[in-house]
Structure formats: structure tokens, C-alpha cells
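Below is one structure, written out as C-alpha cells; the observations come after it.
The values are calculated or read from the model by the stated rules, or taken from the named source; none is laboratory data. These numbers come from a predicted model, not from an experiment. Quick reminder, even Gly has a Cβ in these numbers, built from the backbone with ideal geometry, and neighbours come from all protein chains shown.
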Amino acid sequence: MPKAVVVSDVRGLNDYEVGENCFTHGNTLKVYTELQGVNYDGFVVVDFFFIIEDPLGNVVGLDHEEVSRRNYDRNVFVVYTKTIPSWWKYGRYKLHIYAYDCLDKAKINDLEQSLLATVGVSKLFDDEDYFEDLEDLFGDVCGGDRDDLEDLDVIKKFSNSVEEITTLEFFVRSEEELKEASEEGEGEEGEEGAAALLRFPKIEGTNFVVSGVVLDKFKVQPDEPVSISVTVKNAGTKGTERVRLEINGKKEAEESVTLDYLESRTLVFQVKKSLPGTYKTTISGTEIVKMFFVEEPRESVSPQRESEEEKGLTSETEGEEGGEDGEVGEVREEGEEGEGGEGGAKKEKVSFKKYLLVGAFIAILAVVLLLLRSPSINRLRLVAILLIILPLIFILLKLE
């Protein structure tokens, strides 16, 4: 990319004095701009475009510089100057620089081969106008006349040329601010201190900062997805960096993101873990830590089984309701028993024992009466029978 530096003085290629990047209305911005490796066989044809963006994001300046020359210096430079108008707002400005190497190297090579060939070179001399154009081209690149260069077809359109871009920042401040900063600096550290106060920090390279990490869930079941949102902001020049998500110290996911100066973006990572436990989430290069937990799996009835059970219960109920009255009564009795729970079941059990005891007592009483009326039985046998029957009655009472 082109090299761009705010300067106060330029003496030659890569020979300049670095200047302040803070100005006020009426001052002149001076920028040394250099492009490297653009020489081909002693030809250099380069175009620079300068676009100035104000603090509101509006274009307030547009300029063009051309360089066409013949020598063997591999690099080329221009000094761009701009007087700060009185209507410019105070704040941070961006100078976008576009550089294009427009020389058609293949065409230059063809022309050189044609001139150096021993056969057919005389045809080039027959056309006087064309020969004069070639004479200008190989002499001084047609004096930089782009129309002549286009006629010879030795330069390419910008859209087909090699493009390189860079961005430089500077600041516009009020005279009062500059004066106060200068006086404060001279009082404390002399001229160097004043210069330091006047100069805003120069931004070099990207500076990606993770400003937030958010998890949508903190407790999940095994293999249940967790969404992790990571907000990234670039406090440096435009560039691309990779954001890496780590879980328990190991790389989980990674994504490239390209951001302009002060631009931010939120990345969303989807994570699933099958083993129960605690998982620590971090972003590489930061101290931000977030936790989520995978719980023990819960036993659950599958939807298919649940549907089958509901279907079977419905069929059974419909069948019972469609039967006779006695069957319907049985269904209702079971329902009441179910509502009563354990108490209802116990009540039914006690009632059954009671009926059994009464029946047994009646049967024993009937046997005793029959024995008493029998003429063939004597009293001793009767006493023996009673001794057998009475314990039975006692046992039945205990069961009650």
C-alpha cells in the first residue's frame, strides 16, 4: 500500500520532516505519499487520487496527482498539499489515498521488440506522425500528455490497473485550542511538550477490541445449543483479524472479520456439548470469561409413546361408556376410587372383611342351632363344638 506521512518539509525521495497532524482554518496540510516498485524498463506512469472525509462522513475534498517520467528509480513520490477552508468543522478527518500503476507493460515490451527487430522496423519509420509519437514516448513519456499516451495505447484504464489504497488521519481544531495546548506544553516541557499536546495519537494498524460476550442460556441439557454473541470493535485502521472462541482452554470456533476504523460487529457462535459439567468460555487475547452448565439428562416419555398411551386410554374409556349400565357404574366406581387414592382402597378392604365376618358368624350360629335341635347329640359333644367355634369367632373378630 502507499506510504503516507504528514510532513512539514520534503527534500526528496524518503527525505522529509515529520509534521503535526493537527491544523486550524487557514493552515496547509502537507502529505508525503510514496508508491514502491512501479518502474518498468525506465518507465513510470502513476496516478494518485486524494479524497478527504470530514467528521460527519461527508466528502469535502477531491484531488488528483500524476507522475510520468523516465528514469530507473523504483519508487515514486508526490507531495500533496491542501489549505484548510474556514467552513470545515472541527474534529477528526480521514484522507483516503488511491494509487494506480497505469503503465501497460506488455505494450511497452511489444514496442521495444519492434524497434529492436532487424526485420520490419522500417515500416515504423514510414509513418512520420507515429514515429514522432514513439520518439516522445521513449524520450520523456510524451511529457506526461495522457492523450498521446492513450493514442499509443501504452496506458490502461484505472479499472484495469493495479490499485493500492491507504488512509491517513488528521485533525482540525480551533485557534484557541491550539494556543492553550501550545502554552501548556511550553510551560511544562518546552517545544517538544507543546508538540506532543498538539499532536493527536497516530493510529497505526488494526486494534480489535472485544467489547462484550453474551450467552443466551446458562443451563442446558446435553446437545442443546448455546448461542454465544461476541461484539468486536476496531479502534485502529481498517483491517482483518480472526476472532477465536475457546472453551475450557481449547479452540472451539474461529471467524475472520474485517472492520473499518471505529466499526463494530457482533459474531454469533453456536456451541453444543454432550457431557454434563461446567464449561468456561473465553475469547482468545481477552480476559473475558463466561460460564454455562450442561445438566444431567432428564428422563422423558417420547412423544410417540405418550401419543400411544393417550390413544389407548381414549379407546378404553369409549368402550366402557358404550357398554351396559352396570359396566358404566363400574367405571365410575373405579374413578371414585382413583380420586380417593389410598384411603379409598383401604375402605374397600375393610368393608370386605366386615362382610366376611358377618357371613361366617351367621353360618356358625346356624350350625349351633341345628346341633341343639338334633336329638342324637349329647351335651358333651355340644360343649366340644362350642369350644371349637368360639376361638374361630375370636379370630374373626381380630381380623376385623
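Yes or no, residue by residue, for (1) in contact with an Asp or Glu (Cβ under 8 Å, 6 or more places away or on another chain); (2) closer than 17 Å to Tyr100 by Cβ; (3) exposed (fewer than 15 other Cβ atoms within 10 Å of the Cβ):
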{"site": "Asp9", "(1), (2), (3)": "yes, no, yes"}
{"site": "Leu13", "(1), (2), (3)": "yes, no, yes"}
{"site": "Glu20", "(1), (2), (3)": "no, no, no"}
{"site": "Asn27", "(1), (2), (3)": "no, no, no"}
{"site": "Leu35", "(1), (2), (3)": "yes, yes, no"}
{"site": "Asp47", "(1), (2), (3)": "yes, yes, no"}
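Identify all residues within the range 63-120 that are of a type in the set (S, T, N, Q) and in the same structural domain as Val44 (by TED's automatic domain parsing); write none if there are none. Listed by number, the residues that qualify are Ser68, Asn71, Asn75, Thr81, Thr83, Ser86.
Annotation: of all residues in the range 61-80 being surrounded by 11 or more Cβ atoms within 10 Å (Cβ to Cβ) and among the hydroxyl-bearing types (Ser, Thr, Tyr), the one that is nearest to Val46 (Cα to Cα) is Ser68. Taken over the range 93-131, the criterion of being among the hydroxyl-bearing types (Ser, Thr, Tyr) and surrounded by 12 or more Cβ atoms within 10 Å (Cβ to Cβ) is satisfied by Tyr93, Tyr98, Tyr100, Ser114, Tyr130.
Looking only at residues of the range 193-240 that are under 15 Å from Ser264 (Cβ atoms) and small (Gly, Ala, Ser), we find that the one that is modelled with the highest pLDDT is Ser229.
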